[in-house]
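Below is one structure; the comments refer to it alone.
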Amino acid sequence: MIQDIAPKQFHNEYTPHEPDGHETALFYRDRLTLLKKHPDGTFSFPKVSDFQYSGAEFTYLFRIDEEDFFLVSYPEKRSPEKSVPEQLREDFSFEKSWFFRDAKPRYLAYAGVTGLQLEDWYRGHRICGECGTALEKDPTERMMRCPECGRMYYPTICPGVIVGVIHRGKLLMSRYAGREYKRFALIAGFNESGETIEETVHREVMEEVGLKVKNLRYYKSQPWPFSDTLLMGFFCDLDGDDEAIRLEEDELSEAAFYAPEDVPEDHEHASLTSEMMTVFKMHYGKKA
């Protein structure tokens, strides 16, 4: 999965400090990421030194091994032409976040999308929603604090589920409606207030395909920075013999039960969804 970057280690401890220029710079605009594509298929980010005399501000984000990553931002709004330093304009370009799903090196891909998650949070938490005062970065933890009323704002993390429904040796797979992502997926959804994560599984399956499930089996979790989500994966079984799918067409364009040999290969190795489909394919394919 995208967070599996071993032997490198991701350190998200908040240790803010001033950069000296050699650190990696993450710069975003309209949820696009500035990076350089190389002829060998890899990519790289600019350095903090590329922005040091541009009037930019730098916010410490995290560290991977001994490489520090800083968020680059400007105190005032700038035009696209003036936001990128001149020496970067020829070789660097802005790319959509989905670029990171199969980009290499993998640790930089994870850094890029995790930085985007934090940039989106910082950008959306400039003003206190309680009293309207400008928020300030806390010096000791990753949090925005209101100097007037004291309200504290932490990074947004939304719990959600990925559900692999199995029936008679087949896996329920679906495709989203109206989304850029067109490949097969599993049933998924966000946890609601006052709801256990197990209740989320039952509700999401019923809402999206009209089926009851039982025998929930936790698989594993995944941080998914693309949507500020902590995903929890479950396999489960159809409850009863009613396998008639009643599709929620606002969410899904299609859904059906598929045999192991019909499950597509995972070429990205990025998502919990794809890993769970592969686990089903390998486990139930051997039984056939």
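The values are calculated or read from the model by the stated rules, or taken from the named source; none is laboratory data. For clarity, every value in this text was computed on a predicted model and none was experimentally measured. Ideal geometry is used to build each Cβ from the backbone, glycine not excepted, and the neighbour counts take in all protein chains shown. Surface accessibility is based on the protein's heavy atoms, side chains included, excluding ligands, DNA and RNA. Shrake-Rupley method; radii C 1.70, N 1.55, O 1.52, S 1.80 Å.
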- Treating only Lys and Arg (+1) and Asp and Glu (-1) as charged, each at its beta carbon, one finds that the chain has a dipole about its Cα centre, in Debye to the nearest 20, of 400
- Scoring the chain by relative contact order with C-alpha pairs under 8 Å, at least six apart, yields a percentage of 16
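Suppose we take every Cα in the stretch 26-171 and form the convex hull; what volume per residue is that in Å³?
That works out to 178 Å³ per residue.
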- Task: Take the Cβ-Cβ distance between Glu268 and Asn12 as r, set R0 to 22 Å, and report the resulting FRET efficiency rounded to the nearest 0.05.
- Result: 0.40
- Item | Rounded FRET efficiency, nearest 0.05, which uses the C-beta distance separating Phe190 from Glu248 and R0 of 22 Å | 0.95
- Note on the structure: Share (percent) of C-alpha pair distances in the stretch 134-209 greater than 15 Å works out to 68
- Apportionment of accessible area to carbon and sulfur, the chain, percent (1.4 Å): 48
- Task: Quick one: what are the phi-derived ³J(HN,Hα) couplings along the stretch 219-232, Karplus 6.51/-1.76/1.60 with θ = phi - 60°, whole Hz, x for glycine and proline?
- Result: 9, 6, 10, 8, x, 10, x, 4, 9, 6, 10, 9, 8, 10
- Item | Residue order for Thr140, Thr156 - accessible surface, 1.4 angstrom probe, largest first | Thr140, Thr156
- Query: Among 158-165, 99-106, how do they line up from the highest to the lowest mean number of other beta-carbon atoms within 10 Å?
  - Reply: 158-165, 99-106
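From Cα pairs below 8 angstrom and at least 6 apart in sequence, can you work out the relative contact order of the stretch 118-207, rounded to a whole percent?
Contact order relative to length: 19 percent.
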- Item | Estimated vicinal HN-Hα couplings, Hz - the stretch 145-158 in sequence order (Karplus 6.51, -1.76, 1.60; Gly, Pro = x) | 10, 8, x, 8, 9, x, 5, 10, 10, 10, x, 7, 10, 9
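Could you tell me the ratio Rg/Rh of the stretch 146-278? Both radii from Cα atoms, Rh via Kirkwood.
Taking Rh as the inverse mean 1/r over Cα pairs, Rg/Rh reads 1.03.
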- Query: Could you give me the ³J(HN,Hα) list for the stretch 271-283, computed from phi with Karplus coefficients 6.51, -1.76, 1.60 and θ = phi - 60°, whole Hz, x at Gly and Pro?
  - Reply: 10, 4, 3, 5, 5, 5, 5, 5, 4, 4, 4, 6, 6
- Item | Helical mean residue ellipticity (222 nm; -39500 (n - 2.57) per DSSP H run of 4+; nearest 500) of the chain | -5500 deg cm²/dmol
- Listed residues Phe62, Leu88, His125: farthest to the positive end of the dipole of the stretch 50-144 (Cβ charges): His125
- Task: Sort the following peptides by mean Cβ neighbour count (other Cβ atoms within 10 Å, averaged over residues), highest first: 271-278, 85-92.
- Result: 271-278, 85-92
- Note on the structure: One would report the antiparallel percent of DSSP beta bridges in the chain, rounded to the nearest 5, as 75
- Which order do peptides 38-51, 107-120 fall in by mean Cβ count within 10 Å, highest first? 107-120, 38-51
